[in-house]
Amino acid sequence: MPDARIARLQAAVPTLQLRTDPADLAHYGVDWTRRWTPAPLAVALPADIAEVQATVRWARAEGVAIVPSGGRTGLSGGAVAANGELVLSLQRMNRVLGFDPVDRILTVQPGIALEAVQEAARGHGLAYPVDFAARGSCTIGGNIATNAGGIRVLRYGNTREWIAGLKLVTGTGELLDLGRGLVKNSSGYDLRHLAIASEGTLGIIVEASLKLAAPPPATRTLLLALPSFEGLMQVFQALRARLALEAFEFFTDRALHHVVAHGAQAPFDAPHPFYVVAEFACEGEAGEVAMLSAFEHCVEQGWVEDGVIGQSDAQATQLWRLREGITESLAPHVPYKNDVSVRISAMPAFLEAAQALLAREYPQFDVVWFGHIGDGNLHINVLKPADLANDAFVAQCERVTKLLAATLQAHGGSISAEHGIGLVKKPYLDSTRSAAEIAVMRGIRRALDPDGILNPGKLFDA
Ligand code: FAD
Ligand code: MLT
Ligand code: ZN
């Protein structure tokens, strides 16, 4: 028997594509966390803004919660539907709507994949510079809703920097047209920025206008092997002072171990404790000289033990694979993910405290460190031993995350740098945001979604 509420939705929006078979419910009810058992009421796949608005109005009238859904590559449980919600997937709204060469603005629907946006930008001789390994399957809507970061934040900033405008359907079904591509607009609150990183709790992003950048410069990629964590920030400062860095990413030997076990080629004969992938603008002879002198300086100081220079695009891609392949290689080990940030200047002190904490609390677990160290953003992945039950493993990691959150608070950091809070980090939000801030956030939420139907239970409880 179809649920009567779904029958009424179909009657109210006859063109709306709806799916209720168990395989679809299981598929659309989870994100990359795979921690919660999917149990949505149904999946709606609107084709346009009017269908989104009508669905929201139905949900409000019926008291059904909506989980906005993009590529479900999220790592915080933001797109999980485990409590009879309607999954509202934007996957059919995936087209480029237009390009304005004067404004250098690309307008897209929310379900378009990040990679398709990058390709469209290249097609206009420009670039959309937000980039990370999930580019083929994550969507612009999800990127905006999480303020996604990635591997080029150091040079180009987070998703937020590239949003010239967006259209948002609120919890009442109202359509707001925010920003409208204006470079300057001092006319009160910029609601566009509230929607960015709101994780689907303030509205459904139904259209986005994206700023495009000049095409990237010619670059070179270096893989560096480091003997110690202490040298890491020194290498960062030395390279930043001498080269125009486009990316500076680090990972540990444990990360390399898993990527190589997953099929990547080992870059060095012997293991080293830490590695950096650095990419930088490099033009002509002068660029080569600057690169070599920066490398030699780091070796002379004892911060770097070995290095590989990508001699071709194919080699650079191979070096990048060592960093970008980490998430996929860890997935079979059911990682518990921390995604933390501190100010770059606070990184050495935080690293010392966090390393001591995790060595003490996780003596028996494989703990894999990697991330966007040049942005002050560390990913700490704790791998589940095969013989430990998932619940017991998560309980142990949650206890330690509480301690980590206190350490972050002491160093002025954040419990989520770029993945969002979702369900995973909800218990620790108050380590990063004050009670007064959270109260304001709740008030904003009530203004845009008075009945609390948009992604309830994510980010914070109403
Ligand atoms: P989903 O997972 O579908 O949703 C994420 C959140 O956004 C949910 O709360 C959802 O409700 C909401 N949402 C989705 N669409 C909309 C919409 N149209 N309107 C309103 N709310 C919406 N993230 C980084 O920041 N940096 C990285 O380097 C990075 N690397 C990754 C690498 C891999 C291999 C994987 C699997 C993930 C990685 N991620 C990274 C995490 C993830 O890809 C990002 O969080 C991404 O922005 C999620 O996009 P999505 O379309 O998959 O969103
Ligand atoms: C990354 O930087 O690789 C991503 O944020 C994904 C992850 O943390 O696993
Ligand atoms: Zn990341």
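Read-outs: derived from the displayed coordinates by stated rules, not from any lab. Note that the structure is predicted; figures quoted are calculated from it, not measured. Neighbour counts run over all protein chains shown; Cβ positions are idealised from the backbone, glycine included.
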Specify which residue in the list L357, L383, A417 is farthest towards the positive end of the charge dipole of the stretch 334-436, using unit charges on the beta carbon of Lys, Arg (+1) and Asp, Glu (-1), about the Cα centre.
A417
The chain: proportion of alpha-carbon pairs further apart than 35 angstrom, %
33
At most 16 other Cβ atoms within 10 Å and a DSSP loop assignment: could you name the GluC sites (Glu not before Pro) in the stretch 145-229 that fit?
E174
FRET efficiency for L388 and D313 from the Cβ-Cβ distance with R0 = 41 Å, rounded to 0.05, comes out at 0.45
Roughly how many nanometres apart are two label points built 7 Å out from the Cα toward the Cβ at A410 and E288?
5.0
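Semi-axes of the equivalent ellipsoid for the stretch 65-172, please: Cα gyration tensor eigenvalues, times 5, square-rooted, ordered largest first, whole Å.
Numbers: eigenvalues 120, 50, 29 Å².
After diagonalising the Cα gyration tensor, the semi-axes are 24, 16, 12 Å.
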By how many nm would the segment from K184 to A270 lengthen if fully extended, with 0.36 nm per residue of separation less the alpha-carbon distance?
25.6 nm
Under 17 Å from a point placed 7 Å out from the Cα of T172 along the Cα-to-Cβ direction: which residues of the stretch 50-81 have their backbone N that close?
53-63
A50 and R160 label points (each 7 Å along its Cα→Cβ direction) are spaced in nm at 3.6
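With the contact rule set at Cα under 8 Å and sequence spacing of 6 or more, what percent relative contact order holds for the chain? Before the final figure, lay out each step's value.
On the way: 928 pairs, mean separation 72.2, N = 462.
Answer for the chain is 16 percent.
If you stretched the chain out fully between D461 and D21, how much longer would it get, using 0.36 nm times the residue separation minus the C-alpha to C-alpha distance?
On the way: separation 440, 0.36 × 440 = 158.40 nm, distance 2.96 nm.
Gain in length upon complete extension: 155.4 nm.
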Among L182, T73, V368, the residue whose Cα sits farthest towards the positive end of the charge dipole of the chain (+1 at Cβ of Lys and Arg, -1 at Cβ of Asp and Glu, taken about the Cα centre) is L182
Where the only charges are on Cβ atoms (+1 Lys, Arg; -1 Asp, Glu), what is the dipole of the stretch 334-436 about its Cα centre, to the nearest 20 debye?
220
Karplus-derived 3J(HN,Hα) from phi for the stretch 367-374 (6.51 cos²θ - 1.76 cosθ + 1.60, θ = phi - 60°), whole Hz, x at Gly and Pro, runs 10, 10, 9, 6, x, 9, 5, x
Span from the the stretch 371-449 Cα centroid across to the the stretch 1-35 one, whole angstrom:
30
Residues whose placed amide H lies under 5 Å from that of T33, excluding near-sequence neighbours:
G77
Calculate the FRET efficiency for R446 and D366 from the Cβ-Cβ distance with a Förster distance of 51 Å, rounded to the nearest 0.05.
0.75
Taking the alpha-carbon centre of each part, the distance from the stretch 93-162 to the stretch 284-309 in Å is 33
In sequence order, calculated HN-Hα J values of the stretch 319-324 (Karplus, 6.51, -1.76, 1.60; Hz; x Gly/Pro):
5, 5, 4, 4, 8, 6
Total charge dipole magnitude, the stretch 219-327, about the Cα centre, Cβ charges on Lys, Arg, Asp, Glu only, Debye to nearest 20:
300
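Report, in deg cm²/dmol and to the nearest 500, the calculated mean residue ellipticity at 222 nm for the chain, where each DSSP H run with n ≥ 4 adds -39500 (n - 2.57) and the sum is divided by the residue count.
Values: 15 runs with 162 residues, N = 462.
Using -39500 (n - 2.57) per qualifying helix, the result is -10500 deg cm²/dmol.
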To the nearest 20 debye, the chain has a Cα-centred charge dipole, built from +1 on Lys and Arg Cβ and -1 on Asp and Glu Cβ, of 1300
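Please list, by residue number, every one of the trypsin sites (Lys or Arg not before Pro) in the stretch 7-39 that is coil in DSSP and has at most 16 other beta-carbon atoms within 10 Å. Write down the numbers at each step before the final one.
Details: sites: R8, R19, R34, R35; in loops: R34, R35.
Sites meeting the loop and neighbour criteria: R34.
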The chain: angle of helix 435-448 to the longest principal axis, Cα-based, in degrees nearest 10:
40
